[in-house]
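Shown next, in structure tokens, is the structure this report addresses.
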Amino acid sequence: MADVFHALDDETRRLVLDELVARDGQTLFEICSMLVTRHGLSSSRQAISQHLAVLEDAGLVVTERRGRSKFHYFDGRPLAEIAQRWPTTREGTP
Amino acid sequence: MRIRLTSIFVDDQRAALAFYTDVLGFTKRHDIPLGDDAWLTVVSPEDPDGPELLLEPAGHPAVKPYRDALVEDGIPLVQFAVDDVAAEYERLTARGVTFTQPPTDIGNAVVAVLDDTCGNLVQILAMKPA
């Protein structure tokens, strides 16, 4: 769970997740072009690749090879575990 | 100085010629035998005297790791201008072409990325009216 909080503690990685939620299944090339055109973020591909590795280690991003290319998908299950541990709604809450 | 010719490596020159002409719609410009291979170029029918694209055999040992790494990350090697990316996406997917990136609005243009079946990714782009 510590990995998840570390992974989310970075604006670029949060934007990567935003882009994957908007359109799931993107290549590194597409993610980089979205970050540049929609957020004016011009990090190198190598830097974004490293951000994706952090997100993947935390379980927030999963990859799938289709044909010869690698696609990235958002996986919200680690966030569900957080909400399970600390419920966002609780009986008796005013 | 002008760009006259650029090249991409293709797995099979004849298969590549078929894809770039029959599917994408370019026309053959040169097809000159060179040993087992050929000096094989295509041009756009909309710009027959414009830049040629050389379909070069991919036999050099450096080509495979280079292209594999780029294709894995979804990086296109060449970009073609089209009038309407969405229309091309419909036309080409109907012909069995796969896209690694569907039509995407990037602000001043719409882009998409397709697999040329010969080992490369190709970006198509339509600029929006200014």
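Observations, loosely collected:
- Condition check for A:G59: surrounded by 14 or more Cβ atoms within 10 Å (Cβ to Cβ), over 17 Å from B:P76 (Cα atoms) and without any contact (Cβ under 8 Å) to a residue 60 or more places away in the chain: yes
- Any hit, region B:98-112, residues being surrounded by 16 or more Cβ atoms within 10 Å (Cβ to Cβ), more than 19 Å from B:Y20 (Cα to Cα) and small (G, A, S): no
- Residue satisfying condition, being closer than 25 Å to B:P129 by Cα and acidic (D, E), within set B:E46, B:E52: B:E46
- Tally of residues being out of contact with any helix residue (DSSP H, G or I) (no Cβ under 8 Å at 6 or more places or on another chain) and either modelled with pLDDT under 95 or more than 8 Å from every other protein chain (Cβ to nearest Cβ) (or both) across region B:98-112: 3
- Among the residues of region A:13-42, those identified as crowded, with 16+ Cβ neighbours inside 10 Å and more than 14 Å from every other protein chain (Cβ to nearest Cβ) are A:R13, A:L15, A:V16, A:L17.
- If you go through region B:113-123 and keep only what is more than 9 Å from chain A (Cβ to nearest Cβ) and of a type in the set (A, V, I, L, M), you end up with B:L114, B:V122.
- Cβ separations smaller than 9 Å between residues 6+ apart or across chains give the following pairs from region B:69-92 residues that are free of Cβ contacts under 8 Å to residues at least 60 places away in the same chain to residues that are of a type in the set (G, A, S) and in a helix (DSSP H, G or I): B:D73/A:S49; B:I75/B:A69.
- Some residue of region B:59-79 being under 23 Å from B:E46 (Cα atoms), in contact with a Leu (Cβ under 8 Å, 6 or more places away or on another chain) and not in a loop (DSSP other than H, G, I, E, B): yes
- B:A126 vs. criteria touching a Phe, Trp or Tyr at 6+ places or on another chain (Cβ under 6 Å), assigned to a strand (DSSP E or B) and either over 17 Å from B:F9 (Cβ atoms) or within 11 Å of chain A (Cβ to nearest Cβ) (or both): no
The values are calculated or read from the model by the stated rules, or taken from the named source; none is laboratory data. Quick caveat: nothing in here was measured; it's all calculated off a predicted structure. All Cβ positions, even for glycine, are placed from backbone atoms using ideal geometry, and neighbour counts span all protein chains on display.
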